[in-house]
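Quick notes on the structure that follows.
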Amino acid sequence: MMRNEQAIRNLAAKLHGPLLQPGEPGYDDARAVWNAMIDRRPALIVQPQHVADVCAAVNFAREHDQAVAVRAGAHNVAGSGVCDGGVMVDLAAMRGVDVDADAGIARVQGGAQLTDLDGASAAHGLATPGGVVSSTGVGGLALGGGFGWLARKHGLAADNLLSLDLVTADGELVHASGDENPDLFWALRGGGGNFGVVTRFTFQLHPLGHDVLFGPTVYRLEDAPAVLRRYREFCAQAPRECCVWADLLNAPPLPYLPERVHGTPVLSLMQCYSGTDWKEGRRILAGLHNAADPIGDGVAPRPYLEAQQFLDQAYEHGARNYWSTQSYVELPEQAIDTLTGLAAALPAAESDILISQLGGAIDDMAPEATAYPHRGIRFTVTVGARWRESADDARCVAWARDGGAALAAGASGGRYVNFVGEASGSERSAYGLNFERLQDVKRQVDPSNLFRVNQNVVP
Ligand SMILES: Cc1cc2nc3c(=O)[nH]c(=O)nc-3n(C[C@H](O)[C@H](O)[C@H](O)COP(=O)(O)OP(=O)(O)OC[C@H]3O[C@@H](n4cnc5c(N)ncnc54)[C@H](O)[C@@H]3O)c2cc1C
C-alpha cells in the first residue's frame, strides 16, 4: 500500500487526466479487464490525457519503487494490463489515429483499439494487419507480434511498424525506428510491454479499398478429422491472399445453420480472401470443402471493416477465461484427433479451440530479425476455456490446461506471447532464441525492471 499522501497530491497536481485511488468513482471500471478472472487492485490508476501525463506517472512509479502496468485494450488474457499495488497507466483516453493517406501511414496513440485504426484507415481505402476482434488494443497486439486476416499477405502488425515513440523507465520520451535506437526498435517488435509506455505507433498501410470474401463454412463435429486433414493440405499451398482459421465451438444460432445444431459442437472454417478477383477466390476456397458436406455457409463479399468485427460478439468483455496455446510447423495426425476429442468435451457454452493459420509474409522475416521469434510456424492453436460462474473455475481451467498439454506432442515448444494464459513462467518459450538479446536491451533501458507486469524479460 502506498502511503505517501503528499507525493500523490503532487502527482495529481501535475496530471491533466484523472488519478484514481481505491474506492474512488471510476476506479473499479478502470481496473476491470477483458478477462473477469483477473481481479487486481492497483494502488494508483493514472489516466493520461497526453505524453506529459505518462512521463509524470512513470517518474512517480520509479521514484516510489512501484511496478507499472500499462493498459491499452485490456485484452491480455493473463491480465498484464493491470497490477496488484503499483501504478496502472490506463491509456483509454489516448486512442487517436491520424492517417496520412499520401504517405500511406497511420500514427496511432498508445491506447487505441483495432477498431480505431481500422476505421480511420478504411476511410482512405487502406488497412494494416491487426487481429480478428476489433476491441483488441493495438498496443499489446503489435508489441507481441499481432496476426489476423491480412498477416499472410502483409506480415505481422509488428512487421508493419515503421517507428514508435515511448516513455522509458527514466521518464524520457524516446523515438525508435530502423535509424534511431535500432536495438530498441528490434526489441519492441515482439518483446511485449517490457521496454516502456508506447505513446505512438507509426504503421505502414496497404491499399484495401474493395470488399473481401469472408465468412464461415460449418461442419459436423464427426466430420472434423477429415475436414481438418483437408484444411492442413489446403494451408500448405494456399496463396497469401487466403487466410483460414479453424474454430471448434458450440454452434451459435446463426440463420444459415439448422436449429438442431445450435449449441452443439461443430467445426467452423473462417475464411478470408483479400484478393480482388472473387471468382478466383471462390475457386481457391472451394478446394477446402471437398472432404465432407457442410451444414452451413456464410461466406460472402463484405467490407473489410465488417470482417474485422465479425467475431466481436463471441468474445465480448466480462466472461471468465483461461487459455493454453501451442504452435506447429505442421499439424500432426495426433493433434487432429486430440482437437476433435477436446471439442466433444467443451466445458462451457462459450469455450472454443481456435487454430490460426500463419505463414506467408510472416515468414519473409528471419526469426532473429525482430524480437518475435516464431517464424516458420504454420499454425497456432489456442485452447480457450470461457465460462461465467466462479464455481466452474477449476473444471474449466483444467480442461484448457490439460488440453494444451495433450497438444504438446509435435508442437514447436514456442508460445505466442499474446496467447499465454499465465502471468509468468512462459518467458523462454515466448521469446525463444531472442531471449538473451532482449535481456541486453532491457538492461540498457529498464535495468530496475519497472515494466515487469508482462511476460517479463528480467534484466
Ligand atoms: C478476444 C481476443 C481476441 C484476440 N485476437 C487476437 C488476434 O486475432 N491476433 C493476435 O495476434 N492476438 C489476438 N489476441 C491477443 C492479444 O493480442 C493480446 O491479448 C494482447 O496482449 C492484447 O493487447 P491489449 O492492448 O488489448 O491488452 P492489455 O491487457 O491492455 O495490454 C497487454 C500487454 O501489452 C502491454 N501494452 C499495451 N499497450 C501498451 C503500450 N501502449 N505501451 C506499452 N505496453 C503496452 C501491456 O503492458 C500489457 O503487458 C486476442 C485477445 C482477445 C482477448
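The values are calculated or read from the model by the stated rules, or taken from the named source; none is laboratory data. Every value quoted in this text rests on a predicted model; they were computed, and no experiment measured them. Don't worry about glycine lacking a Cβ; one is built from the backbone with ideal geometry, like all the others, and counts go over all protein chains shown.
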Quiz item: Exactly one of (1) more than 26 Å from Phe203 (Cα to Cα); (2) surrounded by fewer than 23 Cβ atoms within 10 Å (Cβ to Cβ) is unmet by Val51. Its number?
Solution: (1)
Exercise. Count, please, the residues in the stretch 135-158 that happen to be closer than 22 Å to Val70 by Cα and not in a loop (DSSP other than H, G, I, E, B).
Key: 9
Quiz item: Looking at (1) part of a loop (DSSP other than H, G, I, E, B); (2) within 14 Å of the ligand (Cβ to nearest atom); (3) out of contact with any strand residue (DSSP E or B) (no Cβ under 8 Å at 6 or more places or on another chain), can you tell me which one Val132 breaks?
Solution: (3)
Quiz item: Taking the stated definitions as given, is Ala56 within 15 Å of Gly137 (Cα to Cα) and outside the structural domain of Leu114 (by TED's automatic domain parsing)?
Solution: no
Exercise. Could you figure out which of (1) within 23 Å of Ser448 (Cα to Cα); (2) away from the ligand (no atom under 12 Å from the Cβ); (3) in contact with a Gly (Cβ under 9 Å, 6 or more places away or on another chain) isn't true of His50?
Key: (1)
Practice problem: Say whether the condition of being away from the ligand (no atom under 12 Å from the Cβ), touching a residue at least 60 places away in the same chain (Cβ under 8 Å) and closer than 30 Å to Tyr416 by Cβ is met by at least one residue in the stretch 15-25. | Solution: no
Quiz item: When only residues in the stretch 260-276 that are part of a loop (DSSP other than H, G, I, E, B) and modelled with pLDDT of 95 or more count, which is surrounded by the most Cβ atoms within 10 Å (Cβ to Cβ)?
Solution: Ser274
Quiz item: Taking Ala36, is it within 24 Å of Glu422 (Cα to Cα), within 18 Å of the chain's Cα centre (by Cα), assigned to a loop (DSSP other than H, G, I, E, B) and not β-branched (Val, Ile, Thr)?
Solution: yes
Exercise. Scan the stretch 57-64 and give yes if some residue there is within 16 Å of the ligand (Cβ to nearest atom) and under 30 Å from Ala394 (Cα atoms), otherwise no.
Key: no
Quiz prompt | From the options Val58, Val89, Val82, Val70, residue that is in a helix (DSSP H, G or I) and closer than 21 Å to Asn449 by Cα | solution = Val58
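With crowded, with 18+ Cβ neighbours inside 10 Å and either among the basic types (Lys, Arg) or over 20 Å from Cys235 (Cβ atoms) (or both) as the only criterion, which of Gly281, Gly298 stands out?
That would be Gly298, the only listed residue that is crowded, with 18+ Cβ neighbours inside 10 Å and either among the basic types (Lys, Arg) or over 20 Å from Cys235 (Cβ atoms) (or both).
Would you mind listing the helices (runs of 4 or more DSSP H) fully within the stretch 277-393 where at least 3 residues are under 30 Å from His124 (Cβ atoms) and of a type in the set (D, E, K, R)?
Here the list reads 278-286.
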Exercise. Spot the failing condition for Asp392; the list is (1) closer than 30 Å to Ala236 by Cα; (2) touching a residue at least 24 places away in the same chain (Cβ under 8 Å), and only one is missed.
Key: (1)
Quiz item: Does the stretch 139-169 hold any residues that are touching a His at 6+ places or on another chain (Cβ under 9 Å), more than 9 Å from the ligand (Cβ to nearest atom) and farther than 18 Å from Ala366 by Cβ, and which are they?
Solution: Leu150, Lys153, Ser163, Asp165
Self-check item: Only one of Gly85, Gly96 that is of a type outside the set (Phe, Trp, Tyr), surrounded by fewer than 22 Cβ atoms within 10 Å (Cβ to Cβ) and in contact (Cβ under 8 Å) with a residue 40 or more places away in the chain
Solution: Gly85
Self-check item: Cross-chain or 6+ apart pairs with Cβ under 9 Å, the stretch 436-459 first and free of Cβ contacts under 8 Å to residues at least 24 places away in the same chain and more than 18 Å from Ala67 (Cβ to Cβ), then surrounded by fewer than 22 Cβ atoms within 10 Å (Cβ to Cβ) and among the hydrophobic types (A, V, I, L, M, F, W, C)
Solution: Gln439/Val458
Practice problem: Could you please let me know if Ser351 is surrounded by fewer than 23 Cβ atoms within 10 Å (Cβ to Cβ), in contact with a Lys or Arg (Cβ under 7 Å, 6 or more places away or on another chain) and in contact (Cβ under 8 Å) with a residue 24 or more places away in the chain? | Solution: no
Practice problem: Search the stretch 171-190 for residues being part of a loop (DSSP other than H, G, I, E, B) and of a type in the set (D, E, K, R), and hand back the single one that is surrounded by the most Cβ atoms within 10 Å (Cβ to Cβ). | Solution: Arg189
